[in-house]
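Worksheet: one structure, shown below.
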Amino acid sequence: MRLLIVGTLGGQLTTASKIAMQGGAQVTHADDVEGALKILRSGRGADLLMVEVHLDIAGLIAKLQAERVHVPVVACGVETDAQAAVSAIRAGAKEYIPLPPDPELIAAVLAAVARERGDLIYRDAAMATVVKLAEQIAPSDASVLITGESGTGKEVIARHVHRCSNRASKPFISINCAAIPEHLLESELFGHEKGAFTGAVARRIGKFEEADGGTLLLDEISEMDVRLQAKLLRAIQERVIDRVGGTRPVPVNIRILATSNRDLADSVRQGLFREDLLFRLNVVNLKLPPLRERPADIMELAQFFIKHYSEANGVAVRTLSAEARQALMSNPWPGNVRELENTMHRAVLLASGEDISVEAIRMPDGTPLTVSRGAAERAAQTAEAVTRAFVGRTVADVERDLILDTLDHCLGNRTHAAKILGISIRTLRNKLNQYTDEGLSVPGPGEARAF
């Protein structure tokens, strides 16, 4: 997490800086708006700007937009600056943080921007297989495509690959291709030269150059426009980029990682993604299983989140009750690890007894967790439904459907069908002759039943 603090406010922002660094953020300082812009143009990028509320936030945001720099802005000021706070929000600031700084509030804002922490927590064998492969290929410079459903931890595994690589001491730069508007993404990736477009008052270094020597993660690359994919393909193939408005190619030394929650092969067939780019990216594919397919990870992650959010909120670390554990293990977790994390955060806040009971495991609106039925219960319900379907029918009707369905399953093979049904081939043939006489469709050898 890279934080750029703009302004001083009598040293209070310095205190905020110390709090942010304690939370693991890399902090850079600028005295004013122009100083901040110089830092951003130079390639020392930022994931978040924390700006003194009395500075020209509206002007800063306008310049960022004009120069196609995509970075969220948070305003900071003393609690009595109500009007200034309103003006900052109207100008485009995402949040307003009152000063003196509150450690929990700053931590929450940083977490909201960072979204994903770098913790790699797993126990399930399915996830262990993926991690082992990631560590095997990490020392190489091969491009890696990381796929999986939203919330499975694709960025976390990407950071792990970087940490295990020979580039670990160099920058890890991540850019979300889905979060940045199409007309801004090219400049964000490749940078631009002065005068390249209206508002480009100075050269700006893009993410490719920021990541020079290190790793560049293209998050949700499936959302990138096809026209920009061609320029990206050249950058990957030739290890050079062209800044917007530039006349000379700029060499870069980076490793490319990319993530997608879509099937890129399907996107290729639909004409939404270049096949040659897919081949370039997909040297190695790390496919993350959804949480429902790695049950051993559910409790491991739940315990980790309980400890983390208990410490963050200053409450005692409680254990999960047996009923709560059963509820967690039975839930399908369509939102995967991200949903589990939010659920455990709520549970830490809602728990009131000696442990975290099932009553504390709730949905965001406060309703109880929707627990899916287990495999045994689903099987029992299916059997009950089948049994009920027999009610009101004669034995002859049920026998006829069973024989014809089995024969259809065997593609008309009488011998196989008789073995499955547990009757002689003669008995089966007599039954089939009877059904034919009754005008029913009976499949011949190698045929499926006609309906």
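The values are calculated or read from the model by the stated rules, or taken from the named source; none is laboratory data. Since the model is a prediction, treat every value here as computed from it, not as a measurement. Methodologically, a virtual Cβ is constructed for each residue, glycine included, from the backbone with ideal geometry; neighbour enumeration extends over all protein chains shown. All accessible areas refer to the heavy atoms of the entire protein, side chains included, with ligands and DNA or RNA removed. Shrake-Rupley method; radii C 1.70, N 1.55, O 1.52, S 1.80 Å.
What does the accessible area per residue of the chain come to in Å², with a 1.4 Å probe and no ligands, DNA or RNA counted?
50 Å²
What is the angle, in °, between the Cα long axis of helix 395-409 and the longest principal axis of the Cα atoms in the chain? Nearest 10 is fine, range 0 to 90.
The answer is roughly 60 degrees.
With all pairs of different alpha carbon atoms counted, what Kirkwood hydrodynamic radius in Å does segment 251-299 show?
One over the average 1/r among Cα pairs gives 13.3 Å for segment 251-299.
Counting pairwise Cα distances across the chain, what percent come out greater than 38 angstrom?
43 percent
Can you tell me which of 31-37, 213-219 comes out highest on packing, and rank the rest after it, using the mean Cβ neighbours within 10 Å?
Order by mean packing, descending: 213-219, 31-37.
May I ask you to list the aspartates and glutamates whose Cα is less than 16 Å away from that of K170, ignoring any residue fewer than eight positions away on the same chain?
Excluding near neighbours in sequence, the set is D141, E209, E210, D212.
Between D397 and T436, what is 0.36 nm times their sequence separation minus the Cα-Cα distance? Round to one decimal in nm.
12.6 nm
Tell me the label-point distance for the pair D31, V315, using the 7 Å Cα-to-Cβ offset, in nm and rounded to one decimal.
Each label point lies 7 Å from its Cα, and together they span 4.6 nm.
log10 I(q)/I(0), Debye, Cα-only segment 124-282, no solvent, q = 0.17 Å⁻¹?
Evaluating at q = 0.17 Å⁻¹ gives log10 I(q)/I(0) of -1.02.
Applying the Karplus parametrisation 6.51 cos²θ - 1.76 cosθ + 1.60 with θ = phi - 60° to the phi angles of segment 38-55, what ³J(HN,Hα) value in whole Hz is obtained for each residue in order, glycine and proline being reported as x?
Per-residue couplings from phi come out as 4, 5, 5, 5, 6, x, 7, x, 8, 8, 7, 9, 10, 10, 4, 5, 7, 6 Hz.
Straight-line reach only, C-alpha to C-alpha below 30 angstrom: list the lysines that K419 could link to, leaving out same-chain residues fewer than 8 apart.
Candidates past the 8-residue exclusion: K431.
Do the alpha carbons of any pairs in K63/K94; K38/K231; K18/K63 sit beyond 19 Å of each other, and which pairs?
Violating the 19 Å Cα-Cα cut-off are K38/K231; K18/K63.
Could you calculate the FRET efficiency of A62 with A322 from 1/(1 + (r/R0)^6), where r is the beta carbon distance between them and R0 is 56 Å, rounded to 0.05?
So the FRET efficiency works out to roughly 0.45.
Report, to the nearest whole %, how much of the accessible area of the chain belongs to carbon and sulfur atoms, 1.4 Å probe, protein only.
Within the chain, the accessible surface is 51 percent carbon and sulfur.
Relative to the longest principal axis of the C-alpha atoms of the chain, give the angle of the C-alpha long axis of helix 425-437, reported between 0 and 90° and rounded to the nearest 10°.
Tilt relative to the chain: about 90 degrees.
Per 10 Å bin from zero, what fraction in whole % of the C-alpha pairs of segment 206-260 is there, up to the bin with the longest pair?
23, 59, 18, 0
Please give the peptides 234-240, 347-353 ranked by average Cβ packing (other Cβ atoms within 10 Å per residue), highest first, as a rough proxy for protection.
By packing density, highest mean first, the sequence is 347-353, 234-240.
Students often get this wrong: which residues of segment 336-352 have the backbone nitrogen under 17 Å from the point 7 angstrom along Cα-to-C-beta of K307?
Of the residues in segment 336-352, 341, 344-345, 348 have backbone N under 17 Å from the label point off K307.
How large is the dipole of the chain about the Cα centre if only Lys and Arg carry +1 and Asp and Glu carry -1, each at its Cβ, rounded to the nearest 20 debye?
The calculation lands at about 1200 debye.
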